[in-house]
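The values are calculated or read from the model by the stated rules, or taken from the named source; none is laboratory data. These numbers were taken from a predicted model, which means no experiment stands behind them. For neighbour counting, all protein chains shown are included, and Cβ atoms are generated from backbone atoms with ideal geometry for every residue, glycine included. Quick note on the areas: whole protein, heavy atoms, side chains included, nothing else; ligands and nucleic acids left out. Shrake-Rupley method; radii C 1.70, N 1.55, O 1.52, S 1.80 Å.
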Amino acid sequence: MIVHNSCRICGERDFHQVVDFGNQSPSNKLTDHINSPEWSYPLKLYYCKNCGLLQLLHIVPPKILFQEDYPYYTGKASKTIVKHFKDLAKLLEKEYNITTSDLVVDIGGNDGTLLSGYTKTNRTVNIEPSFDQSIYSMQVNNVMYPINDNFTPEVARRLVDLYGKAKIITATNMFAHIDDLYSFMAGIVYLLKDDGVFVIEVHHALSIIKDMEYDSIYHEHMSYYTINPLWHLAENFGMYVSKAEKIPIHGGSLRIYFKKGNEKSWGLKIALEETEAGLHDVGAYDVFCLRAEKSRIKLHDLLKTLTDQGYTISGYGCPAKANTIINSASLGEYIDYMIDTTPAKQGKYTPNSHIPIYPTQYFYDHPTDYAILFPWNYAKEILEKEKDYKGKFIHPLTGEIIS
Ligand code: DWN
């Protein structure tokens, strides 16, 4: 494990500890057996008082987090996310006039869902450290060049030698997975055409703090972004933020467009919202920590009461974020089983709590009185799909019973 003592964007060492969830196994480190060996690591969130970046300082090596047996497949996660990425590919193609000769690169492109949305070019590159997802992106989503590796300046150099520079580079929900941002951005600057655009999507720290989405805090997410640190990072690499948007995916995210040049960065409206929400004041993070504690206690007590009364409880969906809740609120003993649509998760057990994970059919064959809606970010899609469910869903953050 790597332990940093300085901010990964500004380099300062003036931190405020926001929350400490104790030692946990990585959220996507599902086990094959109930007593498989496991390794747990500190899960602590810090706020940099200089540039405002929320970040983990205790870093689990990426080869442990992402390379072997990474169980997340974008295309199996939800219809919502598949549509989101197909729409993004169409939007970028149109906005940046992509033609057949343009190279488009998705870093951490998982199973190639986003790249499969491009229709104007088939010169698509998926830089994906997880082997199975990398192969899947080529075989199923027709990615032209699957690169089974992490993105580094060396990989950038190899790509330019082989295929030339990229018109569009995307890094959606993996930019938060990057520990060494400076090496990563050096690779971006080298790989990106001078008139190209680098687009990231990251969970917005404003949503996390305001809507108390403490479950998004886990080892894969090394940073949690507001706009200011991203302006700072762009400037350090001769880039600027040409567009900044708030988007609803994953409970509230930022979509940020970086371009080469020294024009004034955009996103002032978002920066003002963040300031008004108190995100430059450590007090906001102390309040967040207390609210998260209250939420965990409320959910724990609700599940204990229900099981004491003889009711049965399952977990509907096993997103990575479920395990932050289960482990930090000690819920394992109250949940009979989890289900998940992702084949790579079925037949496995949740980390630390060792709850079995079954295919969705098990939920129909063995219905429980209550089901915790861990992928609450897809509530609309799930509630529509499960309108015949006779039991009641529970929102894991609010403890609200959704009947
Ligand atoms: O940043 C990340 C996000 C984007 O994806 C990665 N670090 C890992 C992963 O996080 P996550 O697992 O929290 O993502 P999702 O997309 O919220 O995961 C949804 C999970 O719920 C999937 O495992 C599929 C499952 N699911 C289900 O079982 N039945 C989802 C739906 C909609 C369903 O009906």
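Rounded to the nearest 5, what is the percent of antiparallel bridges among the DSSP beta bridges in the chain? Working shown, then result.
Details: 32 of 60 bridges.
The antiparallel fraction comes to roughly 55 percent.
If I take R0 = 25 Å and measure r between the Cβ atoms of D369 and K79 in this structure, what FRET efficiency does the formula 1/(1 + (r/R0)^6) give, to the nearest 0.05? Working shown, then result.
On the way: r = 27 Å, r/R0 = 1.08.
About 0.40, to the nearest 0.05.
Rank by packing, highest mean first: peptides 80-87, 222-229, with packing defined as the count of other Cβ atoms within 10 Å averaged across residues. Intermediate values should be presented prior to the final figure.
On the way: 80-87: 17.6, 222-229: 24.4.
Sorting 80-87, 222-229 by mean packing, highest first, produces 222-229, 80-87.
Any idea what the relative contact order of the chain is, in percent, if you count C-alpha pairs under 8 Å spaced at least 6 apart? Before the final figure, lay out each step's value.
On the way: 849 pairs, mean separation 61.4, N = 403.
Averaging sequence separation for qualifying contacts and normalising by length gives 15 percent for the chain.
Roll a 1.4 Å probe over the protein chains and send me the accessible area per residue for the stretch 300-402 in Å². Could you put the intermediate results ahead of the total?
Numbers: 4210 Å² over 103 residues.
Accessible area per residue, the stretch 300-402: 41 Å².
Which FRET efficiency, nearest 0.05, do K392 and H33 yield, Cβ-Cβ r, R0 41 Å? Show your work: numbers first, answer last.
Values: r = 32 Å, r/R0 = 0.78.
For R0 = 41 Å, the calculated efficiency reads 0.80.
Starting at the first residue of the stretch 138-146, write each ³J(HN,Hα) from the Karplus equation 6.51 cos²θ - 1.76 cosθ + 1.60 with θ = phi - 60°, in whole Hz, x for Gly and Pro.
So the Karplus estimates, Gly and Pro as x, are 7, 6, 9, 9, 6, 5, 5, 10, x Hz.
Which percent of the accessible area of the chain is formed by carbon and sulfur heavy atoms (probe 1.4 angstrom)?
Working: 8690 of 16570 Å².
For the chain, the apolar C and S fraction of the accessible surface comes to 52 percent.
Over the stretch 300-402, what is the relative contact order in whole percent, taking alpha-carbon pairs under 8 Å and six or more residues apart?
Values: 163 pairs, mean separation 27.6, N = 103.
The normalised contact order for the stretch 300-402 reaches 27 percent.
Which far-off residues, 5 or more places away or on another chain, put their amide H under 5 Å from the one on I147, with H placed in the peptide plane?
Under 5 Å from the amide H of I147: N126, I127, E128.
Taking the Cβ-Cβ separation of D301 and N23 as r and a Förster radius of 25 Å, what is the calculated FRET efficiency to the nearest 0.05? Before the final figure, lay out the partial values.
Numbers: r = 24 Å, r/R0 = 0.94.
About 0.60, to the nearest 0.05.
Which part of the stretch 312-328 falls in the paramagnetic zone of I247, meaning amide N under 20 Å from the point 7 Å along Cα-to-beta-carbon?
320-321
Count the net charge of all other residues whose Cβ sits under 11 Å from the Cβ of I127, scoring Lys and Arg as +1 and Asp and Glu as -1.
Once positives and negatives cancel, what remains is -2.
Each label point is 7 Å from the Cα along the Cα-to-Cβ direction; what then is the distance between the points at D87 and E276, in nm?
2.4
Residues of the stretch 50-65 with backbone nitrogen within less than 11 Å of a virtual label 7 Å along the Cα-to-Cβ line of N236, please, listed as ranges.
Of the residues in the stretch 50-65, 51 have backbone N under 11 Å from the label point off N236.
Just to check I understand the Karplus step: with θ = phi - 60° and J = 6.51 cos²θ - 1.76 cosθ + 1.60, what whole-Hz values come out for the stretch 7-19, glycine and proline as x?
5, 6, 10, 9, x, 6, 10, 10, 10, 10, 6, 8, 8
Using +1 at the C-beta of Lys and Arg and -1 at the C-beta of Asp and Glu, which of A292, L206, V160 has the Cα lying farthest in the positive direction of the dipole of the chain?
V160
With a 1.4 Å probe and all protein chains left in place, how much accessible area per residue does the stretch 1-142 have, in Å²? Spell out each step's value before the answer.
Numbers: 6120 Å² over 142 residues.
Per residue, the stretch 1-142 has an accessible area of 43 Å².
For each pair in K294/K380; K165/K260; K29/K304; K29/K86; K90/K120, compute the distance between the two Cα atoms and list the pairs where it is over 19 Å. Write out the running numbers ahead of the final one.
Values: K294/K380 26 Å; K165/K260 13 Å; K29/K304 26 Å; K29/K86 28 Å; K90/K120 9 Å.
From K294/K380; K165/K260; K29/K304; K29/K86; K90/K120, over 19 Å: K294/K380; K29/K304; K29/K86.
Pull up all non-local amide H partners of K392: gap of 5 or more, or a different chain, and H-to-H distance under 5 Å with H placed in the peptide plane.
Close amide H contacts, sequence-distant or interchain: Y370, A371.
Starting from the Cα of K348, draw a straight line to each of the aspartates and glutamates and keep only those under 19 Å, dropping any in the same chain fewer than 8 residues away.
The qualifying aspartates and glutamates are D32, E38, E68, D69, D132, E333, D336, D340, D365.
Along Cα→Cβ, 7 Å out, is where each label goes; now give me the distance between the ones at E333 and K269 in nm to one decimal.
Between E333 and K269, the label points sit 5.1 nm apart.
Any idea which of P396, I313, Y378 is furthest toward the positive side of the dipole for the stretch 300-402, if Lys and Arg beta-carbons carry +1 and Asp and Glu beta-carbons -1?
The residue sitting farthest along the positive end of the dipole is Y378.
For the pair L162/V287, report the inter-label distance in nm, with labels modelled 7 Å from Cα in the Cβ direction.
5.0
Please turn the phi angles of the stretch 149-160 into ³J(HN,Hα) values with the Karplus equation 6.51 cos²θ - 1.76 cosθ + 1.60 (θ = phi - 60°), one per residue in order, whole Hz, x for glycine and proline.
Taking θ as phi minus 60°, the curve returns 6, 7, 7, 9, x, 5, 5, 4, 4, 4, 4, 5 Hz for the stretch 149-160.
Magnitude of the Cβ-charge dipole of the stretch 300-402, K/R +1 and D/E -1, about the Cα centre, nearest 20 debye?
Numbers: 9 positive and 12 negative charges, 50 e Å.
I would put it at about 240 debye.
Sequence-distant or interchain residues sharing an amide H contact under 5 Å with F374, placed H: which?
Y316
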